[in-house]
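What follows is a short report on a single structure.
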Amino acid sequence: MQTEHRLEPKWLKPLLLGITLLFLGVFLALPLGVVFSEALAKGWKVYFESISEPDAIAAIKLTLLVVIITVPLNTIFGVATAWLIAKFEFRGKGILITLIDLPFAVSPVIAGLIFVLLFGSSGWLGAWLGEHDIRIVFATPGIILATLFITSPFVAREIIPLMQEQGTDEEESALTLGATGWQTFWKVTLPNIKWGLLYGVILSNARAMGEFGAVAVVSGHIRGVTTTMPLHVEILYGEYLFTAAFAVASLLTLLALLTLVLKSFIEWRIGKKRSLAH
Amino acid sequence: MKWHFRKPSVLPGFGLTLGFSLIYVTLLVLIPLGGLLLYTTKLSWSEFGAVILDPRVLASFKLSFGASFIAALINLFFGLIVAWTLARYNFFGKKIVDALVDLPFALPTAVAGIALAAIFASNGWIGSFLEPLGIQIAYSRAGVVVALIFIGLPFVVRTVQPVIEEFEKEFEEASTSLGASWWQTFSRVILPSLLPALLTGFALSFARALGEYGSIIFISSNMPYVSEIVPLIIVTKLSQFDYVGATAVGTVMLLATFVILFFINAIQIYSREKSL
């Protein structure tokens with residue numbers, strides 16, 4: 001519960017509350033509002049046409065394909081890494097944690113660049129890939145790799161602190177009572193981390209669907225082939241098809257709002273405040 | 001004492017998870033990032049210098065660092081106010097406002113970019129009020145700062161808010177009962193204890209802004225020498241198949257990121273040691 005702050009001057013609360021609402025109103029509420037207002041500027045018919053034309057459908061399908069591949073892979077990676085870091089003490093753990101966190105700090109454009117340097121036509125493996133007629137950059141595999149890189153820390157970051165808090169006592173008891181390693185993981189560890197895990201999966205999903213910079217660099221912008229939803233928005237916007245651009249953007253905005261709702265729900269379930277920042 | 005790679009433990013799965021994590025991180029992070037640094041060694045120092053000291057590239061560095069710094073400063077000021085309001089006051093709709101603070105993390109940057117451009121364009125919801133005053137935000141350098149404020153907004157709020165929430169009220173009460181005014185209490189008791197969190201939030205916001213691409217290219221006019229950011233230079237060089245140039249600029253950006261990460265770690269170690 002909040003207590004009354006007699007110490008503060010009386011005018012402070014209305015002043016700070018006013019500044020807060022004005023600042024967040026301009027920078028958060030207005031952008032949300034303008035997306036839907038622009039998307040529906042020419043009515044519902046144009047809106048539905050914009051999100052159901054073949055290139056838009058292709059973009060939605062590609063985005064979903066990227067998510068279906070990257071989110072499970074990064075979830076397995078996150079859980080394995082969290083188990084390693086939270087349950088064991090070993091040399092070089094700090095370095096491993098830094099490496100895991102690194103993609104979070106690197107510019108998305110650089111995330112794209114490194115894969116172009118590896119797999120592009122004049123990259124390290126470019127000649128070999130060309131001989132064997134394998135396309136990675138400017139094709140779907142490149143988009144998947146770049147997204148995998150960008151979203152790899154999300155699940156691990158969420159569940160490492162959770163697993164560390166819980167320690168190893170429960171697992172040790174289960175093992176002493178004769179459970180196998182897998183049984184211990186499924187029946188003891190997983191129930192303890194399920195909300196954090198779900199949270200990490202939701203974040204990975206949101207970022208995987210919305211990633212722009214990294215994907216833009218490796219995609220090559222082949223319309224209807226290598227354009228994810230954010231890239232489709234960019235193409236439409238560049239062609240001054242604003243209503244269509246905002247219509248596709250509104251789908252991504254709904255996803256962002258759903259992410260925030262689920263985040264609040266999970267916070268309520270675990271009774272603890274979290275932020276996407278940490 | 002004997003050197004141990006790991007402390008003994010009865011839990012299974014060390015070898016499996018260590019192997020899997022190392023392979024995954026090596027293939028996905030270590031080799032690609034190492035490839036970038038290795039690619040740079042193809043350049044001689046004079047070639048590297050020629051790319052970096054090119055006036056167009058220098059102008060983009062000035063803009064990227066300058067705009068990120070201004071945006072992070074603005075976020076530092078408003079972020080503190082927002083964090084204070086959310087941590088200390090009750091008001092109608094607080095839960096929604098609190099949840100909304102994370103929007104910049106959840107909203108794809110391209111969407112943020114076109115939305116902000118629409119609002120601040122000369123016929124937009126805010127731009128149409130600013131135009132008669134002769135203020136142009138969208139398609140100028142100010143637009144870059146606006147996008148970066150949006151992108152970095154949650155960092156200061158979310159680093160400072162928990163510290164304010166946990167701040168012991170007794171310190172404030174002690175200070176006030178000893179005769180300090182509220183302002184003295186704030187500036188001499190509260191603010192110093194928030195300083196590490198504020199610096200961390202500032203650095204996180206700055207680092208994020210430096211690498212940002214998606215939201216900016218829609219609200220900036222992207223004019224060379226004027227409103228072109230460093231990530232855009234990299235993208236442009238890549239589209240011209242100038243891998244060497246892109247790599248040189250990318251390496252400088254990567255080193256800047258490492259310096260900021262190091263700074264953030266130093267603040268955290270310093271404040272942890274101080275609190276012990």
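How large is the accessible surface per residue of the range A:41-84, computed with a 1.4 Å probe and reported in Å² as a whole number?
About 48 Å² of surface per residue is accessible.
Given R₀ = 35 Å, FRET efficiency for A:N192-B:R272 by Cβ-Cβ distance, to 0.05?
That gives a FRET efficiency of 0.85.
For a quick check of understanding: with a 1.4 angstrom probe and all protein chains in place, what accessible area in square angstrom does A:H132 have, to the nearest ten?
90
Using a 1.4 Å probe and counting only protein heavy atoms, arrange A:I110, A:I68 so the residue with the most accessible area comes first.
A:I68, A:I110
Take A:I97 and A:K61, extend 7 Å from each Cα along the Cα→Cβ direction, and tell me the distance between the two endpoints in nm.
Spacing of the two 7 Å Cα→Cβ label points: 4.5 nm.
Kyte-Doolittle mean at least -1.0 and Cα extent at least 27 Å along the axis: which DSSP H helices of chain B qualify? All intermediate terms of the calculation are to be shown ahead of the outcome.
Numbers: long enough: B:55-88 (48 Å, 1.37); B:141-166 (39 Å, 1.37); B:191-211 (29 Å, 1.36); B:243-275 (47 Å, 1.14).
Helices passing the filter in chain B: B:55-88, B:141-166, B:191-211, B:243-275.
Quickly rank B:250-258, A:163-171 as a protection proxy: mean count of other C-beta atoms within 10 Å, highest first.
B:250-258, A:163-171
List the residue ranges in chain A for DSSP H helices whose C-alpha atoms run 24 angstrom or more along the long axis and whose Kyte-Doolittle average is -1.0 or above.
A:54-87, A:190-210, A:242-270
Residues of the range B:73-90 that become at least 40 Å² less accessible with every protein chain present than in their own chain isolated, using 1.4 Å: which are they?
The answer is B:F78, B:I81, B:V82, B:T85, B:R88, B:Y89, B:N90 - residues whose exposure falls by at least 40 Å² when every protein chain is included.
Using a 1.4 Å probe over the heavy atoms of the protein chains, calculate the carbon and sulfur portion of the accessible area of the range A:139-215 as a whole percent.
Summing carbon and sulfur atoms, their accessible area is 61 percent of the total for the range A:139-215.
Using protein heavy atoms only (no ligands, DNA or RNA), what is the total accessible area buried between B and A, 1.4 Å probe, nearest 100 Å²?
8700
With the dipole of the protein assembly as shown worked out from charges on the C-beta (+1 for Lys and Arg, -1 for Asp and Glu) around the Cα centre, which of B:V111, A:G238, B:L191 lies farthest toward the positive end?
Result: B:L191, furthest along the dipole toward the positive end.
Efficiency by 1/(1 + (r/R0)^6): what FRET value for A:I68 and B:N265, r their Cβ-Cβ distance, R0 = 35 Å, to the nearest 0.05?
0.50
Which residues, if any, in the range B:235-254 have at least 50 Å² less accessible area in the whole protein complex than in the isolated chain, probe 1.4 Å?
Those are B:L238, B:Y243, which lose 50 Å² or more relative to the chain on its own.
Tell me, Kirkwood radius of the protein assembly as shown from alpha-carbon pair distances, in Å?
With all distinct Cα pairs of the protein assembly as shown included, I get 24.9 Å.
Which value results when the Cα radius of gyration for chain A is divided by 2.2 N^0.38 Å?
Scaled against compact globular proteins, the figure is 1.22.
Leaving ligands, DNA and RNA out of it, work out the accessible area of A:T98 with a 1.4 Å probe and give it in Å² to the nearest 10.
Around 80 Å² of this residue is reachable by solvent.
What's the Kirkwood radius of the range A:116-228 in Å, using all Cα pairs?
16.9
Quick one: with all protein chains in place, what share of the accessible area of the range B:117-276 is carbon or sulfur, to the nearest percent (1.4 Å probe)? Spell out each step's value before the answer.
Working: 4590 of 7160 Å².
Carbon and sulfur together cover 64 percent of it.
Return one whole number: the accessible area per residue of the range A:231-275 in Å², for a 1.4 Å probe.
44
Taking accessible area as the heavy-atom solvent-accessible surface of the protein chains with a 1.4 Å probe, which residues of the range B:26-56 lose no less than 50 Å² upon going from the isolated chain to the full protein assembly?
At a threshold of 50 Å² (probe 1.4 Å), the residues of the range B:26-56 that become less exposed are B:L28, B:V29, B:P32, B:L33, B:Y39.
In debye, nearest 20, what is the charge dipole magnitude of the protein assembly as shown about its Cα centre with +1 on Lys and Arg Cβ and -1 on Asp and Glu Cβ, if you could check?
Its charge dipole is roughly 560 debye.
Provide the solvent-accessible area of B:F48, counting protein heavy atoms only and rolling a 1.4 Å probe, rounded to the nearest 10 Å².
40
Under a 1.4 angstrom probe, counting protein chains only, how are A:K194, A:K187 ranked by accessible area, largest first?
Sorted by accessible area, descending: A:K187, A:K194.
About the Cα centre, and with charges only on the beta carbon of Lys, Arg (+1) and Asp, Glu (-1), how big is the dipole of the range B:160-272? Nearest 20 debye, please.
340
Where Rh is the Kirkwood radius over the Cα pairs of the range B:137-218, the temperature 4 °C and the viscosity 1.567 mPa s, what D in µm²/s does Stokes-Einstein return?
Estimated diffusion coefficient is 88 µm²/s.
Which order do peptides B:144-155, B:211-222 fall in by mean Cβ count within 10 Å, highest first?
Descending packing order for the listed peptides: B:144-155, B:211-222.
Leaving out ligands, DNA and RNA, and with a 1.4 Å probe, what % of the accessible surface on the range B:1-69 is carbon or sulfur?
76
What does the helix-only formula give at 222 nm for chain B: each DSSP H stretch with n ≥ 4 adding -39500 (n - 2.57), the total divided by the residues, and the result rounded to the nearest 500 deg cm²/dmol? Write down the numbers at each step before the final one.
Details: 15 runs with 198 residues, N = 276.
It lands at -23000 deg cm²/dmol.
So what are the three principal axis dimensions of the range A:206-266 from its Cα atoms, in whole Å, longest to shortest?
Result for the range A:206-266: principal-axis Cα extents of 38, 26, 16 Å.
So how much slack lies between B:H4 and B:L37, counting 0.36 nm per residue of separation and subtracting their Cα-Cα distance, in nm?
8.7 nm
When the C-alpha atoms of chain B are aligned to their principal axes, what extent does each axis show, in angstrom, from largest down?
For chain B, the Cα spread along each principal axis is 76, 67, 34 Å.
Among A:W44, A:W195, A:W83, whose mean-square fluctuation peaks in a Gaussian network model of chain A (Cα, cutoff 10 Å)?
Top of the fluctuation ranking is A:W44.
If you count only protein heavy atoms with a 1.4 Å probe, what accessible area per residue comes out for the range B:114-219, rounded to a whole Å²?
Details: 4250 Å² over 106 residues.
On a per-residue basis, the range B:114-219 sits at 40 Å².
Please compute the average number of Cβ atoms from other chains found within 10 Å of each residue's Cβ in peptide A:198-206.
Partner Cβ neighbours, averaged per residue: 1.
The values are calculated or read from the model by the stated rules, or taken from the named source; none is laboratory data. Nothing here was measured: the structure is a model prediction, and the numbers come from that model. Positions of Cβ are generated from backbone atoms using ideal geometry, with glycine treated the same way; all protein chains shown enter the neighbour counts. The area values use the complete protein model at the heavy-atom level, side chains included, leaving out ligands, DNA and RNA. Shrake-Rupley method; radii C 1.70, N 1.55, O 1.52, S 1.80 Å.
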